[in-house]
Amino acid sequence: TRTPVNVTVTGAAGQIGYALLFRIASGHLLGPDVPVNLRLLEIPQGLKAAEGTAMELDDCAFPLLRNIEITDDANVGFAGANVALLVGARPRTKGMERGDLLSANGGIFKPQGKAINDNAADDIKVLVVGNPANTNALIAQAAAPDVPAERFTAMTRLDHNRAISQLAAKTGAAVSDIRKLTIWGNHSATQYPDIFHAEIAGKNAAELVNDEAWLADTFIPTVAKRGAAIIEARGASSAASAANAAIDHVYTWVNGTAAGDWTSMGIPSDGSYGVPEGLISSFPVTTKDGKYEIVQGLDINEFSRARIDASVQELTEERDAVRELGLI
Ligand code: NAX
């Protein structure tokens, strides 16, 4: 039998945590033959609720779930971690400036990055879900100099999945017929969902849609503002779909993209497509054997260029702000 994989989830008592843990334990994160140990990291106020969730996990009698540990100590939570899902973050509250938000999250992601550096397994893979996800990933990465930088990633898979769904609805295609969609930039309102290289049943999606006004005025804002629309409708932010995207992100990273397709991940830029090196920005990537590679050689038209640049500009400003705050 295989050695269990240690999966650490921060913010385990939160609403995404509640939707995520059961799917990890049932084998959807890593595959149906991979046993897992769960490490739930919470703040002291969250420990009791995390214990309740752990009781429910026990009550599922998942064959793949070996053990569960609950802690508010990051050194314990990341000990031997092979996969870390950093979900817990400080949300923006009323009247909070960007600087306040970034420094509050620096207070979470800097020590967690250090705890990963000091305690995680050599093959650690990190996904940051907690917002502002790209810049939180940058903060954690900077605090973990002994971990290869490319192991720190940020989640844009929910945006990717939202874009596929919107494109399917517009064209009447099945979601399974859509390939090669890309989210570029920041997981924020400036993100750019790009269909110019996407394919629908093998045909170019932008040519099929053939409606730049729909792209600019409907598709892009609908995808970018979907989080707010969910809050408006549900009275709470996206949880099950966010958990699903986190599962997709890690599953794809570990198990590979399908031939003829790619996915979107927030990853440290190597300078491709004019994105300054080191920024954690979303790119089209293929994955294989637990590694990812940026898809190279795509033609970027003017429509796309302006939107990628705007989102990358926002990431640059966030990076400069956390640098100013001494967080990286
Ligand atoms: P909740 O407020 O329900 O849960 C957050 C949990 O994190 C709480 O239980 C809290 O006690 C815990 N926590 C806070 N600080 C912690 C720390 N230092 N260590 C460990 N745990 C800590 O939020 P939820 O709805 O689960 O959302 C979590 C995060 O995901 C938020 O930052 C949210 O903005 C972000 N999202 C990111 C998305 C993405 O696509 N990248 C989409 C969904 C979501 O909005």
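Take the chain, mark every one of the GluC sites (Glu not before Pro) that falls in a DSSP loop and has at most 12 other Cβ within 10 Å, then report the longest stretch left between them, sites excluded.
98-276
In degrees, nearest 10, range 0 to 90: what is the angle between the Cα axis of helix 240-255 and the longest Cα principal axis of the chain?
In the chain, helix 240-255 runs at an angle near 90 degrees to the longest axis.
For region 178-328, just the Cα atoms, rotate onto the principal axes and tell me the three extents in Å, largest first.
The principal-axis extents, from largest down, are 48, 40, 33 Å.
Output wanted: per-residue J couplings in Hz (rounded whole) for region 167-173, from phi through Karplus 6.51 cos²θ - 1.76 cosθ + 1.60, θ = phi - 60°, x for Gly and Pro.
Running phi through 6.51 cos²θ - 1.76 cosθ + 1.60 with θ = phi - 60° gives 5, 5, 5, 5, 9, x, 7 Hz.
Enumerate lysine pairs in the chain that are 8 or more residues apart or on different chains, then count those whose Cα atoms are under 30 Å apart.
Step by step, the pairs that qualify in the chain add up to 28.
Using only Cα atoms and rounding to the nearest 10 degrees, what angle (0 to 90) does helix 47-60 make with the longest principal axis of the chain?
80 degrees
What residue among L138, L47, L21 shows peak mean-square fluctuation when the chain is described by a Gaussian network model with Cα springs under 10 Å?
L47
Of the DSSP beta bridges with both residues in the chain, give the percent that are antiparallel, rounding to the nearest 5.
So the antiparallel bridges amount to about 45 percent of the total.
If you average the alpha carbon positions of region 30-91 and of region 270-328, how far apart do those two centres end up, in angstrom?
Cα centroid of region 30-91 versus Cα centroid of region 270-328: 31 Å apart.
What shape does region 98-247 take by its C-alpha gyration tensor, where a ≥ b ≥ c are the square roots of the eigenvalues and a/c under 1.5 counts as rounded, a/b above b/c as prolate, and the rest as oblate?
prolate
Could you give the size of the charge dipole of the chain about its Cα centre, using +1 on the Cβ of each K and R and -1 on the Cβ of each D and E, expressed in debye and rounded to the nearest 20?
I would put it at about 440 debye.
Translational D (Stokes-Einstein, µm²/s) of the chain at 25 °C and 0.890 mPa s when Rh comes from the Kirkwood sum over C-alpha pairs?
123 µm²/s
What residue among H28, H160, H249 has the largest mean-square fluctuation in a Gaussian network model of the chain, using Cα springs under 10 Å?
Maximum fluctuation in the GNM of the chain, among the listed residues, is at H28.
Calculate the length of the line joining the C-alpha centroid of region 102-135 to that of region 182-242, in whole Å.
27 Å
Based on Cα positions only, what radius of gyration and what Dmax would you give for region 23-144, in angstroms?
For region 23-144, the Cα radius of gyration and maximum Cα-Cα distance read 15.2, 48 Å.
Only loop residues by DSSP count here, and only those with at most 10 other Cβ atoms within 10 Å; note down the trypsin sites (Lys or Arg not before Pro) in region 91-164 that meet that.
K94
Values in this text are rule-based calculations from the coordinates and carry no lab data. All values derive from a computational prediction rather than experimental measurement. For neighbour counting, all protein chains shown are included, and Cβ atoms are generated from backbone atoms with ideal geometry for every residue, glycine included.
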